[in-house]
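Data first, discussion second: the structure below is written as structure tokens.
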Amino acid sequence: MLRLIAASCFHCLRGQMIPPLAARPCSSLTQKENQQTVDALYNLSVDIRKVRKLKGWVLHQNPAYVSEAESLLRGLGAEGPAIARILEQHPEAVLCSPDQMHAQRELWASVCPNNRDLVGIIEKFPASFFTSACHHNNQRENILFFQSLRLNKRIISKLMAGAPQSFSRPVQDNRRMVQTLQEAYLSLGGQEDNMKIWLQKLLSQNPYVLLKSPEALRDNLLFLRDQGFSSAQLLQLLAKLRGFVTELNPASMRLTLDYSREAMGCSQAQLLEMVLKCPALLYYSVAVLAERLQGLRSAGASQEQIVETPTVLELTTQIVSHRIQNLTAYGYDIRTGSLDVLNGTKKDFEASHGKLQLRRQRPHFNPVAPLKAED
């Protein structure tokens, strides 16, 4: 009996260790590499060493459909280098049967009819296109569901590419989450006429929101309401957090908010205003916030300045230190100036830094100096 149990457990573990495509009934695992597969990939200029290192198990499968995958990609307009990149990144593509490949092509054509655009998607997300046949029905039903919401094809194709798991699961799961999002939007005062645009934006910015729990969304909104946020403010947060609100939980948010209020010495109303200006505050752990606050204080920033411009807490201590050094070199003192100048992307900061640099280099106007002709 023990021997049977051990054998059964080994079989289960072995099944978990072998990647999903390798376990297909139509494909068998061989001890030696499939030389035809290796040669075919080599002829397409695929880096075989890279494939062996990352996904060598694919080279042991039989049968494999390298020429069929190449033919399909060329039919879509992909050229040699692009085909090589796709098969290097996702060599499992050659294990899809020709029927599966053509079924996927027809499916994707319903949301992305432009072949050039489709090739671009496959280059970035090959696993979303070369997928298992067992998901095909779910994919089709989910496409029909999102089309029924009148979402445009570009948004649907972006969802399929960026979060393929959401299209592989039963349509009922996605319908439930979408309904929860819609109900939350309307209950917080959102206008039904704007709901489609709001939903499109949210899903395009964070397609993984579909994989979250509807209960998590409800619990988080109830917690934030208990903190004192109005319906209008919650709607604003829901838009700014771009669906990431489903990834939070009341326990972690409570720790962060309690620490922020105590560390900043601010009132509850000021704290809520800080969160509305910088929703990312809800994400950071106490340790991260403590480090960033200490860095700003060490540089001379006051608590009042940080409360006024909480978005500086989105920057790491290293970035803040580097930017302050650059600004100080041009005579800017953050102790008396605004912290806004620290904010933004690297490009934004370089632009504001350039203005300070230009201001320092510009000569002072001398009222008694003669004007030049070109002035």
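The values are calculated or read from the model by the stated rules, or taken from the named source; none is laboratory data. From a predicted model like this one, the values you see are computed outputs, not experimental measurements. All Cβ positions, glycine included, derive from the backbone under ideal geometry; neighbour counts span all protein chains shown.
The table below gives the values:
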read-out	value
Set Glu79, Glu88, Glu92: member being on the phi < 0 side of the Ramachandran plot and loosely packed, with under 14 Cβ neighbours inside 10 Å	Glu79
Per-region count, region 52-76, residues crowded, with 20+ Cβ neighbours inside 10 Å, in a helix (DSSP H, G or I) and of a type in the set (A, V, I, L, M, F, W, C)	6
Total residues in region 155-176, condition in contact with a Pro (Cβ under 7 Å, 6 or more places away or on another chain) and of a type in the set (Ser, Thr, Tyr)	1
Number of positions in region 248-276 that are surrounded by 15 or more Cβ atoms within 10 Å (Cβ to Cβ), among the charged types (D, E, K, R) and within 28 Å of the chain's Cα centre (by Cα)	1
Complete set of residues in region 217-238 that are among the aliphatic types (A, V, I, L, M) and surrounded by fewer than 17 Cβ atoms within 10 Å (Cβ to Cβ)	Leu222, Ala232
Region 242-276, residues that are of a type in the set (Gly, Ala, Ser), within 21 Å of Ser302 (Cβ to Cβ) and touching a residue at least 24 places away in the same chain (Cβ under 8 Å)	Ser260, Ala263, Gly265, Ala269
Condition broken by Tyr330, with the remaining ones in (1) part of a loop (DSSP other than H, G, I, E, B); (2) modelled with pLDDT of 85 or more satisfied	(2)
Region 30-51, residues that are part of a loop (DSSP other than H, G, I, E, B) and over 25 Å from Leu118 (Cα atoms)	Thr30, Gln31, Lys32, Glu33, Asn34
Residues that are among the β-branched types (Val, Ile, Thr), in contact with a Ser or Thr (Cβ under 8 Å, 6 or more places away or on another chain) and within 18 Å of Val307 (Cα to Cα), drawn from region 238-277	Thr256
Meets criteria (touching a residue at least 24 places away in the same chain (Cβ under 8 Å) and under 23 Å from the mean Cα position of the chain (by Cα)) for Ser97	no
Answer residue from region 133-161, given it is within 22 Å of Leu95 (Cα to Cα) and touching a Ser or Thr at 6+ places or on another chain (Cβ under 8 Å) and is surrounded by the most Cβ atoms within 10 Å (Cβ to Cβ) among those	Met160
Residue check for Ala280: in a helix (DSSP H, G or I), in contact (Cβ under 8 Å) with a residue 24 or more places away in the chain, surrounded by fewer than 20 Cβ atoms within 10 Å (Cβ to Cβ) and of a type in the set (A, V, I, L, M, F, W, C)	yes
Identity of the residue in region 227-248, assigned to a loop (DSSP other than H, G, I, E, B) and among the polar types (S, T, N, Q), that ends up nearest to Ser285 (Cα to Cα)	Gln227
Single condition Ser204 does not satisfy, out of (1) of a type in the set (Ser, Thr, Tyr); (2) under 23 Å from the mean Cα position of the chain (by Cα); (3) modelled with pLDDT of 90 or more	(3)
